[in-house]
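The values are calculated or read from the model by the stated rules, or taken from the named source; none is laboratory data. Keep in mind the model is a prediction, meaning the values are calculated, not measured. So basically every Cβ, Gly included, is an ideal-geometry build from the backbone, and we count neighbours across all protein chains shown. Areas reflect the complete protein model, heavy atoms only, side chains present, ligands, DNA and RNA absent. Shrake-Rupley method; radii C 1.70, N 1.55, O 1.52, S 1.80 Å.
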Amino acid sequence: MKKKAGIRIYLPIDQLAKPSLDTKDAAYYMNRAEQTLRYWACSERGPIRPLRINGRLHWPVAEIRKLLGVEIDG
């Protein structure tokens, strides 16, 4: 994900180099509402469990790729 003049530009998930995403970006890739991801985190019932870094939710890119069935060459 890149920001250009306040607009978020999303790369294909197989091209991301980040180890984790914030809730807004993860929701975009999983095509879910941000609140749905927050519910998953609180209830611990979602298909992915987030990391909590300094009190903020971060969603592992590898787990998102796995959930979406995206494979990486390399």
Restricted to the range 28-74, and to residues that are of a type in the set (Ser, Thr, Tyr) and open to solvent by 40 Å² or more (accessible area, probe 1.4 Å), which residue is nearest to Arg8 (Cα to Cα)? Tyr28
Some residue of the range 64-72 being at negative phi, over 14 Å from the mean Cα position of the chain (by Cα), free of Cβ contacts under 8 Å to residues at least 12 places away in the same chain and not in a loop (DSSP other than H, G, I, E, B): no
In the range 37-55, is there at least one residue being in a helix (DSSP H, G or I), touching a helix residue (DSSP H, G or I) at 6+ places or on another chain (Cβ under 6 Å) and at pLDDT 95 or above? yes
Boolean, Leu21 is part of a strand (DSSP E or B) and surrounded by 15 or more Cβ atoms within 10 Å (Cβ to Cβ): yes
